[in-house]
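> Sharing a structure here in structure tokens format.
The values are calculated or read from the model by the stated rules, or taken from the named source; none is laboratory data. Everything numeric in this text was worked out from a predicted model, so none of it was measured. Here the Cβ is made from the backbone with ideal geometry for all residues, glycine too, and neighbour counts use every protein chain on show. The protein model used for the area step is the full one, side chains on, heavy atoms only, and it has no ligands, DNA or RNA in it. Shrake-Rupley method; radii C 1.70, N 1.55, O 1.52, S 1.80 Å.
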Amino acid sequence: YKTILNDLLFCFVLFFEVGNPPTSASQVLDPNSALSLHIACVLCPSQGPRWHIELQPWAGPAQSLDEEASRFLSYISTTQIACDHMSADSLATDSSPTKKPWLVCLDDRFGLAHQIRNKQCRLYSLGLGSDDIRFEVSMAHSGCEVHRFDPSVKSAHVLESGRLWHHRLSIDWRDPHPAVAAQKPQSSTKKLGSILNEFGHHKIDVLKADLESAEWKVLENLILEDVLEQIGQLIFEIHLHWPGFEVSGSDGSVVRFWYSLLKELEQKDFRLFYSYKDLSKPQLFLKRDIFNASSCYTLSWVNTRWR
């Protein structure tokens, strides 16, 4: 019962006869009043924020790193949906290959190709000092409105080539403390949901993120605040050589947390359509050379409900 009471609240609703509101408190309290008064007590679902994700059951009875890593690595290496038309290096005139396989799904059933053709595509790119922006340039040339967020950008907001914006902002899993924000009203660190509200953007067709181990907490924030519903496709570079910022616990529990985050994506109808294991990066998994794992993978999901 405690769980139920935590998730529900009692709502008392007063229904008055249309066109005949009470004229005094005594009229409401008088049981003989001609006023048609009904008091209903109903259970209403709580609309409060989620504070944590739901952890998946342990991969095995031993609750060990071996069990968790085996499940997790198999999960990120197995695509969940076929995409017949993918583009990585170029969608327009730039034929030079990108250094990393940032893939989008251009199957007509998911709408991105249609948005690009109609010049109505919007892409957000989250990074931390990357000099390689060929993917962003290519998407802008193809017809997307591209917003690149990087704290190393020299000016607050710079428009390049008509469709490519550079913003001196970094995406975090929390907004600055109010006291800090008051002292620095032009804070360069904000949650993605806050930026969407400020920019007046209700949808992002593609969200690309290379956040150097901040991706786990940022992804958790997108899940808990229901920002995922505003996103059509996700391209994330994930880092496995250490737990990531503000992720703690035993090695097994860290991997279980990672896996639970990705299962939340699946529950939100996101499906993995591409997985890339970066063999150019150190082959480390939680600081150890084990499981034949890379320290870096690039994963692409499509929101199958996106229209």
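> How high is the relative contact order of segment 106-151, in percent, with contacts defined as C-alpha pairs under 8 Å that are six or more residues apart?
44
> At 0.36 nm per residue, and after removing the present C-alpha to C-alpha distance, how many nm does the segment from Asp175 to Gln267 gain when stretched out fully?
That works out to 30.5 nm of additional length.
> Here's another thing I want to ask about it. Using a 1.4 Å probe on the protein heavy atoms, what percent of the accessible area of segment 202-299 belongs to carbon and sulfur?
Answer for segment 202-299 is 48 percent, counting heavy atoms of protein chains only.
> What net charge is computed for the residues neighbouring Val158, neighbours being all others with C-beta under 14 Å from the C-beta of Val158, Lys and Arg scored +1, Asp and Glu -1?
Result for the local shell: +1.
> Can you spot the aspartates and glutamates whose alpha carbon is less than 14 Å from Lys268's alpha carbon? Ignore those fewer than 8 places along the same chain.
Glu54, Glu220, Glu225, Asp226, Glu229
> Right, next: Using θ = phi - 60° and the Karplus form 6.51 cos²θ - 1.76 cosθ + 1.60, what ³J(HN,Hα) does each residue of segment 164-175 get, whole Hz, x for Gly and Pro?
Listing the rounded values in order: 10, 9, 10, 10, 7, 9, 10, 8, 10, 9, 7, 7 Hz.
> Search the structure for amide H atoms under 5 Å from the amide H of Leu128, placed 1.01 Å from N in the peptide plane, and list their residues when 5 or more places away or on another chain.
none
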